[in-house]
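Written out below as structure tokens is the structure these notes cover.
Just so it is clear, none of the values below were taken in a lab; they were calculated from the coordinates. None of these values were measured; they are calculated from a predicted model. For neighbour counting, all protein chains shown are included, and Cβ atoms are generated from backbone atoms with ideal geometry for every residue, glycine included.
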Amino acid sequence: MVIEIKNYNKIVFFTGAGMSAESGVPTYRGSGGIWHKYNWEEYACQEAFDRNPKKVLDFHELRRKSILECQPHNGHKFISELQKLHENVTIVTQNIDGMHQRTGTENVIELHGSLWRLRCDDCGIVIEDFGESFTKKKCNCGNYLRPDIVWFGDMLNPLVIQKASEAIQRCDLFISIGTSGVVWPAAGFPQEAKSNGAYCIEINTEGTELSYLYDEVIIGQAGGLSKYLSFRI
Ligand code: NAD
Ligand code: ZN
């Protein structure tokens, strides 16, 4: 499909774990996913952090290290190039790996937080922290800082959902890439885009439970984005 840039005022890319798969970040359900190896109850929930913050932070340093060994691919670059030509491109992602930003993409709404931020819930502060090791593990108040990601059992940040929802309701082109569409509330976004009149495209290596909603379903890999989409100014 050719994206005639002038024909679309607001474009939203909605990405999931499949967006990062070719970079080497395992998908949630695929083989090689970390939850086959690590029990989330010990490493990825508030209770585990309250019990043993150091163990949980060490585990997240491992995740950061493994993601830093991965590189963004041509699909990520395609999106950042489009963003340079079009003034209204928003990315709504379920990924916490920061891969979009590593190609210079801006305006990324991270539904499930980021591995590159820490926060203290007592003080309400959030710290950006990129790199293999955390530069700071404790807040000035003395508490351990926790990764600013949505762990098992956590609520999503309502302000972030609202921001994503607003962008999706306003967009006239909605392109979903590499998401199975089963994790809520993100799974409701394609319907939201469709009901508000956006042209909706799905790109995935296989059909999903939500494929029926889309105007166009492309079976293909995120890294090959430029083969299915091109933009004309
Ligand atoms: P998912 O694992 O449920 O689904 C991934 C989807 O991507 C599948 O439908 C699969 O067919 C598709 N896919 C796999 N390789 C692809 C490729 N190369 N190109 C295009 N599509 C491809 O992932 P989800 O829908 O994002 O939901 C899982 C949850 O796990 C999310 O909440 C997410 O936050 C989290 N998660 C994040 C990361 C990350 O940050 N990279 C990784 C794993 C899981
Ligand atoms: Zn604090």
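Compute the Rg/Rh shape ratio of region 5-80: radius of gyration over Kirkwood radius, all on alpha-carbon atoms.
Details: Rg = 16.5 Å, Rh = 14.8 Å.
Here Rg/Rh amounts to 1.12.
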| Quick one: helix 158-170 against the long Cα principal axis of the chain, what's the angle to the nearest 10°, folded into 0 to 90? | 10
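Out of all DSSP beta bridges with both ends in the chain, state the antiparallel percent to the nearest 5.
25
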| query | Using the alpha-carbon centroid of each, what span in Å lies between region 70-95 and region 180-197? | reply | 20
| request: Please work out the Cα convex hull volume for the chain and give it in Å³ per residue. | output: 118
| said: Placing unit charges on C-beta atoms (Lys and Arg positive, Asp and Glu negative, everything else neutral), compute the dipole magnitude of region 1-108 about its Cα centre in debye, rounded to 20. | reply: 100
| Which entries in 163/194; 37/77; 10/37; 65/138 show an alpha-carbon gap greater than 29 Å? | 37/77; 10/37
| message | Explain nothing, just the number: dipole magnitude of the chain about its Cα centre with +1 on each Lys and Arg Cβ and -1 on each Asp and Glu Cβ, in debye rounded to the nearest 20. | response | 460
| Between residue 138 and residues 5 or more places away or on another chain, which pairs have amide H atoms under 5 Å apart, with H built 1.01 Å from N, and which residues are they? | 145
